[in-house]
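Bear in mind that the values in this text are calculations on the coordinates, not laboratory data. For clarity, every value in this text was computed on a predicted model and none was experimentally measured. Methodologically, a virtual Cβ is constructed for each residue, glycine included, from the backbone with ideal geometry; neighbour enumeration extends over all protein chains shown.
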Amino acid sequence: MNAVVKLSVLFAPAEVKVTGPKEAKPGDTVTMTCRANRSNPAAEINWLVDGQRVQGANTVTADPDGGWTTMSNISAIIRSQDQGSKIFQCFTVNKDLGETMVESHVLSILYPPAPPTILGYTENKSIRAGELQRLTCISNGGNPLPTLKWFKQDTEIKSVITSNGNVVSSEFLIETEERDNGLEYRCEASNSATDKPLVAKIQLSVHFPPTEVTIKAIPPKPKAGRKVKLICESDSSNPASIITWWRDGFLIQGIPDGVLDATHGGQSTRNQLQLNVTSEDNGARYTCQATNEVLQKSVHNAITLNVMYKPEFYSTQIETFDIVEEESTFINLTARGNPNVITYTWTKDGNTVVDIQEKKEPNDVKETGIISNGPILNIINVRRTDAGRFKCEATNEEGTSETTIVLNIQYRASITKVTEVTVVDQNANAYLECVADANPLTDNIITWRRDDFNMSRTKESLEGGRSFLTIYNVSPEDSGVFECVAYNNVGEEDVKASSLVVKQKPTIARSPPLLKSASENGETAKIICQAEGAPNITFTWSHEGTTVSNDVKPEKYDTETSMLGLTTWEGVIYVKDVISLDYGLYECVAKNELGFDSVKINLDTIGHPDSPAAVKILNVTHNSATLSWIPGFDGGRSQAYRIRYKETDYPEYQYADVYPRNATVFTVSGLAIGVEYIFSLQAYNDLGFSEYTTEILKARTSSEAPDTETEQVMTEVLSEKGELPRIIIISVSVVGTFLLVLNIILVICFVRRRRKKRLEEESDQTSSKAATIEMYAPSSYNDTVNGETASSTSDKSEAYSDGPSTGEYSEEPAKPVLATYLIDQDRDFYIPDGTSPHYSPYNRYHLEGHTTLDIQPELSHRLPYESEEEFYVDALRRNAYNQTLGEKVSYGKIGHSTPPPPPSRTAASNGELYNAAPDVRYVPFPVSRTGNNTTNLSTFNPNVLEPNSNSYLNQIPDGIIVEEEMPGHLV
């Protein structure tokens, strides 16, 4: 058994479409057609024209696939008061389903603009050449908005076009030049509603200075003592220039010579100057300056006179030239003359000086003496005999001149005579003499000196090159060497010694090393006796009361006497093949004419040395101490020294051996900072050691080390601790590396786990948002909302997660998903406002690279709508949907409710400066800035620029009109 059920399905039309013309002029009749696709039941069509209901003729036809197709036509006459655009809205109502669909069509009404007006310049007002002149052409109204063009004479000029409401302006910047004086600039305004362009004209009046001046001399080569005329002529200037003459900063009065008409409507000025010239005027620069007094600008040029005259030497007086003996130099007596081809002749005492230019062979040139080379007198290894007068003659085509010089040969001071030794009695006066030869012979050519001597006890007398030194009331301590110094500031000083010896009886030195001597059996013993005295000292020796000498027993003894200094003498006795009977005391007697002195010296067998004497500390630093001492008797063998030291509160000593062995000053280093030490010293040889010095010698090191030595001290301290075992170093390195790698792995795992958790939370929230949109969206928008919106939301959530985060995702109420969809779905165009009276479909341009969100993934630049009408209809569709939700959506509101003014096109963006230098730029309308660094977001345009961004300017082609405010606010 079969049953048949016939279902009647109710469904709304899938599409509503309005067709008709896009443009019309006042007086035209236009017809619009609205067609609704098949539906069941048939849809009812209603019309709104500019918000007013209009009845149309509806036609319903059956569709072969089922349902009904509805079509409606309306006609309208365009009136002159209908300016801007008319909006035709088609509403399809399916009452059984309770659904309404809306489709709109925008008709643009064409009308011409108002005649253009030129701003920025007043007729017959003069401007300065070189100034930047801004010319602006303004035209009001018109649909489409007019196209403005600038022309200089018949040449089109590029300009910057901006719009603000229904006002279009075209602006360009000109750097005025002299050729702009009297030229016509023209602005033409036109659109598709005009038959021919509307024109406005201006003519510029430009003040300009002269660009150059020219000078000529008559005659070009004047002779000294004659006249010359200088003529100066300025280039074109407006107004005429004033000419002045200058020389070396001084104003010279010229003679006016007329004003002539010149290029670019300017005038040329002439002036002349008459001079009586001399040789001093050759090379003189006369400057002619042309000044435009209105502009306070000038230009100048200069001419250098070429005066002919015979040679002239720079000095007319007889000059003396000082030259040091054996040196080489030259004297240049180049004369000036015009023409400058000059020949020279040198003579001395009537004899011509050899000219090197006349020598045919190089070997003929002397290695010493004087030769000439044109104006140059070459002096080679000069000698004293080369001194004298030289005359130089200079000749050119205009005549001959001469001059004379004196050659003075200087030579260093040399001592020719000096008192070598003078011997005087005590308390008497001593006299020393010194004679020197020199050129020049200066007033203080001879001086006397002696180190560590009070020269105030002396008197110097100098007469010519002879000097006497008197030493008053001499004593034995005054014996010594005085130096006679001869110096006259030429070369080096000459020094010779003069010795003073004061008579005194002998005094034998009794230092410990000299009071002992030692020798082994069979060796030769040496006994030394030293004495101070003058005049000459003789020595005699005795042993156990018996005189001994080489005269008495030459096979056993040998004696000798020597002079160690002016008053120091040394006597030595050698005891040969020493036996036990030779040991004991030897008496030394030193005598001269004033008296004698004696001392006993003990000869003993060799042994250990005596302790050093007079030990003292010379210097202490933060880590060292320097000691000095006097050697004791060496025991007959070469001795060395050892220093013992310790901290005051530390029981153990440290030791330092002195090097070199015979040193008597040594520095102990490596001491601690700020510690007191005790020092003592002993001597030793290969037979034993002396006792340590018993005198307590203390020193404390400084408590702070110099900055430059801090690192060195640390290194030394660490080095004392010894090196760490290699196994410890390796173990610590391995453990440290393992811990570092482990920490890195733990951090990576933690970050990934936290990121995964955040992404899961964001995915849940995104799904929730998509479900909400799908629930409220009507069926006609399911594809768009469920598809693009969900995808866009997912992208933006991901973008949020890439930015700075606290680890917890929070959805801000100021960023609803629906608002994000409506704003960010298309970022390549602006939304036009159908209510705006100046909307024009020709003025669209694209902004790239800017979004309403702080962080956005990169999107491809595309146009989802093929026409402005489609975009506008889609915008109205969204608006109708928003109204069904019962609330208004804030599009892209993030912290600020006031949209910033959109940027205008400036000359700095892509315009050009006509006649402007490359480095000149002018910005007529600067981009608006907000009061803070936060980006203000527009309610109609998602492509809001950052405050400091100018990248959008580079995207605007030449000739495109940029509106001051973008129409199309959606609320």
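Between Asp443 and Phe596, the modelled label-to-label distance comes to 5.7 nm, taking each label 7 Å out from Cα in the direction of the beta carbon. Residues of the range 472-495 with an amide N closer than 13 Å to a point placed 7 Å from the Cα of Ser414 along the Cα-to-Cβ direction: 492, 494-495.
Can you give the log10 of the normalised intensity I(q)/I(0) at q = 0.11, 0.13, 0.15, 0.18 Å⁻¹, computed with Debye over equal Cα scatterers of the range 276-352? The Cα Debye sum returns log10 ratios of -0.56, -0.67, -0.78, -0.94.
Expressed in nm², what is the orientationally averaged projection area of the convex hull enclosing the Cα positions of the range 159-254? Please list the in-between numbers first.
On the way: hull surface 45.9 nm².
The orientation-averaged projected area of the Cα hull of the range 159-254 comes to 11.5 nm².
Distance from the alpha carbon centroid of the range 730-749 to that of the range 392-436 works out to 88 angstrom. Other residues within the sphere of radius under 14 Å centred on the Cβ of Met71, judged by their own Cβ, net out at -1 (K and R +1, D and E -1). A crude spin-label estimate for the pair Ser126 and Arg754, with each label 7 Å from Cα along the Cβ direction, gives 7.6 nm.
Scaled to the globular estimate 2.2 N^0.38 Å, the Cα spread of the range 64-158, given as radius of gyration, is 2.06. In the frame of its principal axes, the range 16-94 has Cα extents of 45, 20, 16 Å, reported largest first. This model, with +1 at the C-beta of Lys and Arg and -1 at the C-beta of Asp and Glu, gives the range 470-534 a dipole about its Cα centre of some 460 debye. Placing +1 on the Cβ of every Lys and Arg and -1 on the Cβ of every Asp and Glu, with nothing else charged, gives the range 173-238 a dipole about its Cα centre of roughly 920 debye. Think of the range 121-259 as a dipole: +1 on every Lys or Arg Cβ, -1 on every Asp or Glu Cβ, centred on the Cα centre; then among Thr155, Asn238, Val199, Asn238 lies furthest on the positive end. Compactness of the range 249-388 is given as radius of gyration and Dmax, 25.8, 79 Å, from Cα positions.
Electrostatic tally near Asn473: other residues with Cβ closer than 13 Å to its Cβ, Lys and Arg +1, Asp and Glu -1, net -1. Using a Förster distance of 30 angstrom, determine the FRET efficiency expected from the C-beta separation of Arg179 and Ile252, and round it to 0.05. Calculated value: 0.35.
Rg/Rh, computed from the Cα trace of the range 390-489 with Rh as the Kirkwood radius, has the value 1.36. Under the simplified labelling scheme, the Asp657-Val259 pair shows an inter-label distance of 10.9 nm, with each label point 7 Å from Cα along Cα→Cβ. Placing R0 at 41 angstrom, the Cβ-Cβ distance between Phe738 and Ile673 gives a FRET efficiency of 0.55 after rounding to 0.05.
Just so you know, the averaged projected area of the alpha carbon convex hull for the range 534-588 sits at 4.2 nm². Computed packing ranks the peptides 121-133, 651-663 as 121-133, 651-663, most packed first, by mean other Cβ atoms within 10 Å. Temperature 4 °C, viscosity 1.567 mPa s: under these conditions the Stokes-Einstein estimate for the range 1-51, based on its Kirkwood radius over C-alpha pairs, is 88 µm² per second.
Placing one equal scatterer on every Cα of the range 561-700 and applying the Debye formula, the log10 ratio I(q)/I(0) at q = 0.11, 0.18, 0.19, 0.20 Å⁻¹ is -0.58, -1.03, -1.09, -1.16. When only alpha carbons of the range 95-241 are considered, Rg and Dmax amount to 27.8, 124 Å. With a cut-off of 12 Å between beta carbons, the residues surrounding Asn550 carry a summed charge of -1, where Lys and Arg count +1 and Asp and Glu -1.
Sorting the segments 148-160, 312-324 by their residues' average number of neighbouring beta-carbon atoms within 10 angstrom, most packed first, yields 148-160, 312-324. Extension gain for Asp686-Ile745 works out to 14.0 nm (0.36 nm per residue, less the C-alpha to C-alpha distance).
Of the cross-linked pairs Lys125/Lys201; Lys25/Lys201; Lys503/Lys591; Lys505/Lys600; Lys553/Lys576, those separated by over 22 Å at the C-alpha level are Lys25/Lys201. Packing, as the average of other Cβ atoms within 10 Å across residues, places the peptides 203-210, 729-736, 416-423, 568-575 in the order 203-210, 568-575, 416-423, 729-736, highest first. Against the empirical curve 2.2 N^0.38 Å, the C-alpha radius of gyration of the range 203-272 lands at a ratio of 1.32. Extension gain for Asn301 to Asn550 (0.36 nm times residue separation, less C-alpha to C-alpha distance): 79.0 nm. Binning the alpha carbon pair distances of the range 615-692 at 10 angstrom intervals from zero yields the distribution 18, 51, 25, 6, 0, expressed in whole percent.
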